[in-house]
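The block underneath contains the structure these notes are about, expressed in structure tokens.
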């Protein structure tokens with residue numbers, strides 16, 4: 001029966017190499033696309049870490065919470081736009097430690113020594129997926145604004 005099928009298909013020598021190539025090609029393409037996607041995600045993660053550091057650094061030296069939020073937004077946007085086009089980062093500043101009742105709307109006690117958690121979030125389209133990937137980076141820094149002098 002197999003001989004009959006072979007005669008019917010008129011298989012010639014070398015056809016098995018073509019079949020092997022056709023079977024191996026989708027696996028090779030899958031591995032290549034997976035590799036490119038992992039490299040893209042790794043580079044985005046590294047850029048996001050740098051943006052979080054830049055945003056936190058810009059925030060902790062500002063004299064007020066509102067100025068710190070604006071500086072952090074600007075710094076994160078600049079750090080990301082230099083590497084990845086079209087990124088709109090979301091920067092959130094929150095106090096890490098203890099007392100949050102300060103009379104400010106944000107609840108952050110804006111004085112030297114307060115630990116500030118800076119969280120930067122980005123969303124970007126993946127190379128191989130049909131959806132957006134959300135990445136988040138957090139860094140904790142101490143507010144370095146000098147203490148007010150009285151007298």
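When you scan region 42-64, how many residues do you find that are without any contact (Cβ under 8 Å) to a residue 60 or more places away in the chain, surrounded by fewer than 21 Cβ atoms within 10 Å (Cβ to Cβ) and farther than 22 Å from residue 133 by Cα? Qualifying residue count for the region: 1. Is there a residue in region 26-38 that is in contact (Cβ under 8 Å) with a residue 24 or more places away in the chain and surrounded by 16 or more Cβ atoms within 10 Å (Cβ to Cβ)? No, because not a single residue in region 26-38 is in contact (Cβ under 8 Å) with a residue 24 or more places away in the chain and surrounded by 16 or more Cβ atoms within 10 Å (Cβ to Cβ).
Computed from the coordinates by the stated procedures, all read-outs in this text should not be read as laboratory data. Everything quoted here is computed from the prediction, not taken from an experiment. Backbone-built Cβ (ideal geometry, glycine too); neighbour counts: all protein chains shown.
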